[in-house]
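Shown next, in structure tokens, is the structure this report addresses.
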Amino acid sequence: MAYKPMNWQDFISSNWFKYLEPDHQAIVRTAIKLLEKQKDLGELEDYSFIIFLMAKVYEAFIKKYLLDSGLIDFSLYKSKRFRIGRALNPDVRKNQRDHWWLYDDIVESCGKDVGDALWNTWLECRNRIVHSFPEEHTLFSLAEAEKKVLQITETMEMAQSCAIYNQ
């Protein structure tokens, strides 16, 4: 994914931003303000807190996207048991693939690029930020945080370009 400088106006005029609920739009604005302010405050050792904000938005986006696509119903959308990571994981064993495994449905409707982007962004920008794994990189520089934020936003934009629910 090619790095490009952040532009606040691009964010607020994007399809993915308009698709978000108002409270999630507020989280995006907060993350951007934090990124902008950090450049003036000096280097911290870790900026994963900024990525985490956007990961929270990404989770909300995915749930709404799956609901609007008809791939999940409202009760599953509201459920605390629904696991996005399992639903998007292309490596779920064949004997464990059930109606809650949605990777194949996304690939069928939008292509492998979209399915893989949704999964890889979940894995890299949510799981590896929220969880700590032995011997894995856990500190993120400001530049790395910006790249992760851009990965999240570009993946949401990609998903919006294939709005399953519009098909």
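Assorted remarks:
- Secondary-structure-derived ellipticity at 222 nm for the chain, considering helices only, amounts to -18500 deg cm²/dmol, per-run term -39500 (n - 2.57) for DSSP H runs with n ≥ 4.
- The order of L102, L123, L20, going from fewest to most other C-beta atoms within 10 Å of their C-beta, is L123, L20, L102.
- Kirkwood Rh in Å, taken over the chain so that all alpha-carbon pairs contribute: 16.6 Å
- 0 to 90° range, to nearest 10: angle between helix 22-41 axis and the chain longest Cα axis: 30 degrees
- With respect to the chain, whose longest principal axis is taken over its alpha-carbon atoms, helix 142-161 is tilted by about 30°.
- In percent, rounded to a whole number, the relative contact order of the chain is 33, using alpha-carbon pairs under 8 Å and six or more apart.
- Loop GluC sites (Glu not before Pro), region 90-158 (other Cβ atoms within 10 Å of the site Cβ: 13 or fewer; DSSP): E135, E136
- Sum of side-chain charges, S161 neighbourhood, beta-carbon under 11 Å (Lys, Arg +1; Asp, Glu -1): -3
A short reminder: the numbers here are calculations on the coordinates, not readings from a lab. Bear in mind the structure is a predicted one, so any value in this text is a computation, not a measurement. All Cβ positions, glycine included, derive from the backbone under ideal geometry; neighbour counts span all protein chains shown.
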